[in-house]
1. Filter region 45-82 down to the residues that are in contact with a helix residue (DSSP H, G or I) (Cβ under 6 Å, 6 or more places away or on another chain) and part of a helix (DSSP H, G or I) and list them by number.
2. Taking region 26-36, which residues are exposed (fewer than 15 other Cβ atoms within 10 Å of the Cβ) and either β-branched (Val, Ile, Thr) or touching a residue at least 12 places away in the same chain (Cβ under 8 Å) (or both)?
3. What is the number of the single condition among (1) surrounded by fewer than 16 Cβ atoms within 10 Å (Cβ to Cβ); (2) at pLDDT below 80; (3) under 15 Å from the mean Cα position of the chain (by Cα) that ALA41 does not meet?
4. Identify the residue in region 57-92 that is buried (at least 16 other Cβ atoms within 10 Å of the Cβ) and among the β-branched types (Val, Ile, Thr) and, among all such residues, is nearest to LEU22 (Cα to Cα).
5. Pairs, please: C-beta under 9 Å, at least 6 apart or cross-chain, first residue within 24 Å of ILE38 (Cβ to Cβ) and in region 3-25, second of a type in the set (S, T, N, Q) and modelled with pLDDT of 80 or more?
6. I'd like to check something: does region 42-55 contain any residue that is farther than 19 Å from PRO91 by Cα and in contact with a strand residue (DSSP E or B) (Cβ under 6 Å, 6 or more places away or on another chain)?
Amino acid sequence: MAVDTGRGATRPLAEQAEAAHLTCKAIESVIDGKSGTIRLALTVLLAEGVFTGLGISYEVATESSSLESLLYRAVQTARGQRTSFGLLIPPFMMSGSSACRTPCRRS
């Protein structure tokens, strides 16, 4: 499945959102019953591209128990380096569950 129209940065946001939606639907047609997980993975994948392209350090929260320390580090990094810092907080974090044992950090 190809989602690139070859227009690069001039591609309208609505068209990019539609491409992401089509990608999600294509994945859901193969993996049944995991729409939330698929949307989360696609969101993280797209956000990672944006953060990387802009040169912004970021972290993906994976455990609700570490959320407070992640937020503190994000604020301290942004203040100390006078730069932006991204923190992706998946919806499952609101229920107190975990995805894996260690946070995924990218810079």
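1. The one that is in contact with a helix residue (DSSP H, G or I) (Cβ under 6 Å, 6 or more places away or on another chain) and part of a helix (DSSP H, G or I): SER64.
2. Hits for region 26-36 are ALA26, VAL30, ILE31, GLY36.
3. Here ALA41 meets the rest and fails (2).
4. Ranking the candidates gives VAL60 first.
5. Short answer, once both residue conditions are applied: VAL3/THR23.
6. The answer is yes; a qualifying residue exists.
The values are calculated or read from the model by the stated rules, or taken from the named source; none is laboratory data. Computed from a predicted model, the values in this text were never measured in an experiment. Neighbour counts run over all protein chains shown; Cβ positions are idealised from the backbone, glycine included.
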